[in-house]
Amino acid sequence: MTKELTKNTGIYFITNLFSQVAVFILWIIIARILPPSDVGVYALALFVVDFFGAIAILGLNVAITRFYYLDNSKEEVFFNSFIILVISNVVSVILLFASLSFLLWFIPGISALVNKSVYLFALLIITSSFYNFALSHYSALKKAFLYAKVSLLQTFLFFLFALLFLYFNLGILGVFYALSISYLLSALFFIVSEIGALSYKFLSAKTIKSLLHYSIPMMLYSTLGTIVMYTGRIFLDRYASLSVLGIYGFFLVIALQVNAMWSTFNKAWTPEIFSQLKENAEKALENVKTMAFLSSFLYSIFFVFLIILGKTGFLGLFIKPIYLSNIYILYILLLAPLFTGIYTAAYPLFYYKKKTKIILIISVMLNFLDIIITFIMVKFFGETGAALSFAILSSLSLFVFLFAFKRDMGISTEIIKWSLLAFFLSYLGIYIYLVTSSSISLLIIFGLIAFFAYKFGSISKKYYLLEPMLEGIKSRFKN
């Protein structure tokens, strides 16, 4: 592992930690001020932004990470990606207005909000796509400080304006106003900062074609993933009340914030492993294996700590009783980040050889399967079924991708064996917890997962990132 990876990971981690804590605090405040039904509307209405936002960014957030490390100049890739982004945003907004009637019929829970604020949602789609493109651009180029500036600016503005609009009793609509302002100003900051790199001399039909060939399957993958991500919420909207959806949505947002920690780490991880695969593939594969064990160890420790907080009543100081009485939903949802961590470790191996069509085929199969599972689980088990289907998809996706790319990329058998063991133990723990309502059993199980990850992964200070990280800190103090 290079010092650059350690430094960038530290910057991404601190940035993400600040953002996640700020969003978590804001989410707690929103849940205390607004009724669960409004929280449910918010959790559901975000589908519009995420779905059409995935079309607007057109998979470029993945494509530029790969193309910046090919033979094309980075300036050429950036300019042509930007041109595609502008056009795809126009197409996305047109699709929003064209499908509005169907959308409101399909998701009745958001019809009142979206129908009267459709232009606000169009603005959210555009600004969020430029914001996400900015983050991908800076992370791909390993410009961690610029990434931090854009990310922290958006977080600060969202937090500030959301509190302001809530104070003036604008309700859940005020939260969407705050989100749009934060995305808009962050995107403008990015465009002003990078406008000097935009020049028509870099326009290349060949580069645009190559980018589209790579990014369109990623866009389809992303939109299908968004549909799957919201399937539980959409079915709960049809088979339960908005209040039940609000409780589930409250815990889901927390779980997604935790999951986002891996996404943040991946911004430093993937470019680093891409570089290593070009220079020393054996070293890259070994680093992927070690990170798979380390991610499980760290996350299991976090899960144990969270359960202890729940047992001591600490969480009750911040969470309303109506949510706290359904804490089991959160525990089920938090199974997903365990497998997302392993998936993140192996993620560069899935995308290195640009086999986007294979990824798309796998994703389509997984997504259709997940929709069927979610429908059955929600219809018969309500919010518990929705949480279980969310967790099941994360583990299922990991196994399918590992087996699909094992031979081609030389993925270690140890990663697969470990994933199977983690799957068996974690779902056994949840089963015992749901039957007995005893979180002690869940604590013991995740303690075992942490122990086995430490033992089988041979985790030591020297082998992993702790020693170079400590050396880097010491050298800074000496200087």
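The numbers here are math on the coordinates, done by the rules we state, and not lab data. All values reported here derive from a predicted model rather than from experimental measurement. Because the Cβ atoms are built from the backbone with ideal geometry, glycine has one as well, and the counts that use them run over all protein chains shown.
Work out the P(r) tail for region 34-239: percent of alpha carbon pairs separated by more than 24 Å, whole number.
Tail fraction, whole percent: 44.
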Helical mean residue ellipticity (222 nm; -39500 (n - 2.57) per DSSP H run of 4+; nearest 500) of the chain: -30000 deg cm²/dmol
Cβ-derived FRET efficiency at R0 41 Å, residue 318 paired with residue 241, nearest 0.05: 0.95
Violating pairs (Cα-Cα greater than 26 angstrom) within the set 311/417; 278/357; 267/357; 206/406; 209/289; 267/311: 311/417; 206/406; 209/289; 267/311
Estimated dipole of the chain in Debye, rounded to 20 [Cβ of Lys and Arg +1, of Asp and Glu -1, Cα centre]: 700
Residue 436 paired with residue 279, simple spin-label distance in nm, labels 7 Å along Cα-to-beta-carbon: 5.0
In Hz, Karplus ³J(HN,Hα) per residue of region 315-327 (6.51, -1.76, 1.60; θ = phi - 60°; x = Gly, Pro): 5, x, 6, 10, 9, 4, x, 5, 7, 4, 5, 10, 4
Span-rule helices in the chain, defined as complete DSSP H runs reaching 15 Å or more along the axis (Cα) with Kyte mean at least 0.5: 3-33, 36-57, 74-98, 118-140, 144-167, 171-194, 242-279, 281-311, 336-351, 356-409, 413-436, 439-456
Equivalent-ellipsoid semi-axes of region 242-474, from the Cα gyration tensor, Å, largest first: 31, 23, 15
Sequence-separation-based contact order of the chain, relative, with Cα cut under 8 Å and 6+ spacing, percent: 22
Inter-centroid distance (Cα atoms) of region 39-53 relative to region 312-380, Å: 17
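Suppose we take every Cα in the chain and form the convex hull; what volume per residue is that in Å³?
In the chain, the Cα hull volume divided by residue count equals 151 Å³.
Once R0 is set to 41 Å, what does the formula 1/(1 + (r/R0)^6) return for the Cβ-Cβ distance between residue 119 and residue 197, expressed as a FRET efficiency to the nearest 0.05?
The formula returns an efficiency of 0.85 here.
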Radius of gyration and Dmax over the Cα atoms of region 144-184, both given in Å: 11.2, 37
Relative contact order of region 145-241, defined on C-alpha pairs under 8 angstrom at six or more residues apart (%): 22
